[in-house]
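Working notes for the structure below.
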């Protein structure tokens, strides 16, 4: 690409930033952004830095030429949410200093004005030739030295669309939450398991690439494929009901989330077979394997091998 990136930088007052957020010109609430993970201390340090006029990192926004005056956040969502929370009286400063134990409304008018008139640096990237990969590259380079995103946080941010929405909605369904047996993971580890199911059920050649690459490729290529998202959601829900009826809720129990060996031996193969139209199964042989799941030979097997074993056993049971 020969054309250079078009952007401009400016100093923006806190008052102006809040106005843009309140008017929905800067969107900070959409589910494509990761959950709010800054600690109270980190939020307090950021507000204190603004108050003291200390340097703070630049916020990067992207202005889409199709929606003039509206901005997507490339980098800085945690800072913007902290600003919005403090100036809406939702954050009390947990830090020694002039703002200690104060919300915004606790401060004298003079101090409120001082904060509202404080400025931070904002860089606005103009329309990037409608090329999402340029935004992805900027986002990656800005975050490479900061708080590491999980793979699923990155996917949620960069590949938002129907497929991500479907996965996140499934993640909140009652039966899946009972199987997962943990509160919603703030960094989308539970949603990632559903994406894993989608990608492996969709991809017939499970040995072709690494699992992470398969998941990345799947979400990039199918981010707004409504028909596929609905079909895979139906398959996922069908498998949940089959496993619940045959094995109960404890089958996946694990201290950290779900048992990956059982997920690969049972859930994924069932999903593949259901996607092929299979609707009746016998589980006699798979029960024997699951009862010996902690066997060292099984634990050490690669993902694709576990799936193939599950497919062979479930298909064999079905045909016996």
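Restricting to segment 2-56, give me the number of residues that are modelled with pLDDT of 80 or more and either assigned to a helix (DSSP H, G or I) or over 28 Å from residue 224 (Cα atoms) (or both).
Summing the residues that are modelled with pLDDT of 80 or more and either assigned to a helix (DSSP H, G or I) or over 28 Å from residue 224 (Cα atoms) (or both) in segment 2-56 gives 34.
If you go through segment 77-98 and keep only what is closer than 17 Å to residue 42 by Cβ, at pLDDT below 90 and assigned to a loop (DSSP other than H, G, I, E, B), you end up with 94, 95, 96, 97.
The numbered conditions (1) touching a strand residue (DSSP E or B) at 6+ places or on another chain (Cβ under 8 Å); (2) under 22 Å from residue 153 (Cα atoms) are all true for residue 173 except (1). Reported count of residues in segment 156-181, each being surrounded by 15 or more Cβ atoms within 10 Å (Cβ to Cβ), modelled with pLDDT under 90, part of a loop (DSSP other than H, G, I, E, B) and touching a helix residue (DSSP H, G or I) at 6+ places or on another chain (Cβ under 8 Å), is 1. Does residue 115 fit the bill of being buried (at least 19 other Cβ atoms within 10 Å of the Cβ) and at pLDDT 85 or above? Taking the combined requirement at face value, the residue satisfies it.
The values are calculated or read from the model by the stated rules, or taken from the named source; none is laboratory data. Predicted model, so just to flag it, every value in this text is computed and none were measured. Methodologically, a virtual Cβ is constructed for each residue, glycine included, from the backbone with ideal geometry; neighbour enumeration extends over all protein chains shown.
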